[in-house]
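> Take a look at this one; I'll ask things after.
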Amino acid sequence: MLFKLANLGYRTAKRVLITLVGGTVVLLGIAMLLLPGPAVVVIPVGLAILGVEWAWARRVLRTIRETGSAALSKVGLAKEGSKGDDSSSSSGPARGDG
């Protein structure tokens with residue numbers, strides 16, 4: 001009985017600590033939208049911290065990641081091999097060297 005109570009206290013303390021740290025990082029990132037700083041990096045880091053304990057933060061982070069990937073592929077800056085597109089291979093047609 002006592003062990004269950006101690007375990008419950010540990011889990012609650014862990015959740016509170018992760019929420020405080022992750023929430024603080026997200027709030028700092030939101031402040032960096034107006035102040036100088038890397039808000040685009042800090043906000044997802046805060047969401048990743050919150051995602052350790054909260055499913056909604058994992059969903060928001062996944063949505064941000066998918067939206068960012070779609071935007072990068074739309075402008076042609078996606079990582080190689082991200083969609084199976086192998087347009088950088090050298091087996092394509094020659095450039096007309098001569």
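> Search region 1-22 for residues that are at pLDDT 70 or above and pair each with any residue that is among the small types (Gly, Ala, Ser) and part of a helix (DSSP H, G or I) when their beta-carbon atoms are under 9 Å apart and the residues are at least 6 apart or on different chains.
That search, which allows pairs on different chains as well, returns Val21/Gly46; Gly22/Gly46; Gly22/Ala48; Gly22/Ala57.
> Still on this structure, please answer the following. Is it the case that some residue within region 38-57 is over 16 Å from the mean Cα position of the chain (by Cα) and not polar (S, T, N, Q)?
Narrowing region 38-57 to residues over 16 Å from the mean Cα position of the chain (by Cα): none.
Taking every residue of region 38-57 in turn, none turns out to be over 16 Å from the mean Cα position of the chain (by Cα) and not polar (S, T, N, Q).
> As an exercise: evaluate Val25 against (1) at pLDDT below 95; (2) surrounded by 14 or more Cβ atoms within 10 Å (Cβ to Cβ) and give the number of the one condition it does not meet.
(1)
The values are calculated or read from the model by the stated rules, or taken from the named source; none is laboratory data. Given the structure is predicted, the values throughout are model-derived calculations rather than measurements. Please note: Cβ atoms are built from the backbone with ideal geometry, for glycine as well, and neighbour counts cover all protein chains shown.
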